[in-house]
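I have placed the structure first, in the form of structure tokens, so that the comments after it can refer back to it.
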Amino acid sequence: HHIDVVVGQAAKDRINTHPHHTVYHAKRIIGRKYTHESVKSLADEVDYEIVTNNDKNDGEASFGVPYHLPPAYDDDDDDATTSNGSSTAIISPSEIGSYIIHHLRTLTRNHLQHDNVHSAVIAIPAKFGPAQRDATVRAFELAGLKVARILEEPTAAALAYGLHKRDDVRHVMVYDFGGGTLDISLLYVGEGGYIEVLGSDGDEQLGGADFDAAVAHWLL
């Protein structure tokens, strides 16, 4: 796309001044069709435009991001230019994810002081369906990373805390309070550290960002 992309804090700093150009909560509709109820819910909440992406992924919900075209130059006249125009880039949630992952990959490379970062083990919400799972993998591939393995986020949390190595743990309840989603899962830890997700539920429209917004509205 003919746009400059900023990610992370730099993007958050621009939300108030550029609300129609700044995309967030992309994870809430990744892999979703434009007709899904979560798309309408998000569209009612944000200032940017959500559109249907019939050309790329059979009606997948995407984002319409306005941007300014660079000046056009006439090759026959070095002094001739035209004024800036404007257009709209259609960007899928997977592409938004790829920008974020590319940014994280750059941070990781700088931290490790080497460029040997080619694959990743990724964690996805326990309630993600096949389309959401595939779209998440696509985001990593667009960022130039090979997905070595996919874990459900509750399982990843149990592994991170080493619960699969404890003999006195059989059942674990995990609250996954993310930036945009909230999930709760019941895990079973079997012999040899095997972890099974027995059940999971949650709210894909509730997360830390919503609590931030609620506090901000209360303060106002």
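Just checking the listed ones, G199, G144, G97: in the Gaussian network model of the chain with Cα springs under 10 Å, the one fluctuating most is G199. Spin-label model, F177/K40: points 7 Å from Cα along the beta carbon direction are separated by 3.1 nm.
Between the helical axis of 130-142 and the longest alpha-carbon principal axis of the chain there is an angle of about 60 degrees. Label sites at E191 and I15, each approximated as a point 7 angstrom past Cα along Cα to Cβ, lie 5.0 nm apart. Stretching the chain fully between D134 and Q205 yields a gain of 23.5 nm (0.36 nm per residue, less the alpha carbon separation). Helix 93-112 and the long axis of the chain differ in direction by around 70°, with both axes built from C-alpha atoms.
A Förster radius of 35 Å combined with the Cβ-Cβ distance from V215 to S87 puts the calculated FRET efficiency at roughly 0.45.
Using the Cβ-Cβ distance between E141 and H111 with R0 set to 30 Å, the FRET efficiency from 1/(1 + (r/R0)^6) comes to roughly 0.85.
Note that the range 160-176 has calculated 3J(HN,Hα) couplings of 5, 8, x, 5, 6, 9, 9, 6, 9, 10, 10, 10, 10, 10, 10, 9, 9 Hz, one per residue in order, obtained from phi through the Karplus relation 6.51 cos²θ - 1.76 cosθ + 1.60 (θ = phi - 60°); glycine and proline are x. By the rule of a C-alpha distance below 26 Å, with chain neighbours fewer than 8 residues away ignored, the lysines paired with K12 are K27, K40.
Using a cut-off of 13 Å between beta-carbons, work out the net charge of the residues near R28 (Lys and Arg +1, Asp and Glu -1, R28 not included). Within the 13 Å Cβ shell, the charges total -3.
With contacts taken as Cα pairs under 8 Å and at least 6 residues apart, the range 169-216 reaches a relative contact order of 35 percent.
Laboratory data are not the source of any read-out in this text; all were calculated from the coordinates shown. Just so you know, these numbers come straight off a predicted model, no measurement behind them. Methodologically, a virtual Cβ is constructed for each residue, glycine included, from the backbone with ideal geometry; neighbour enumeration extends over all protein chains shown.
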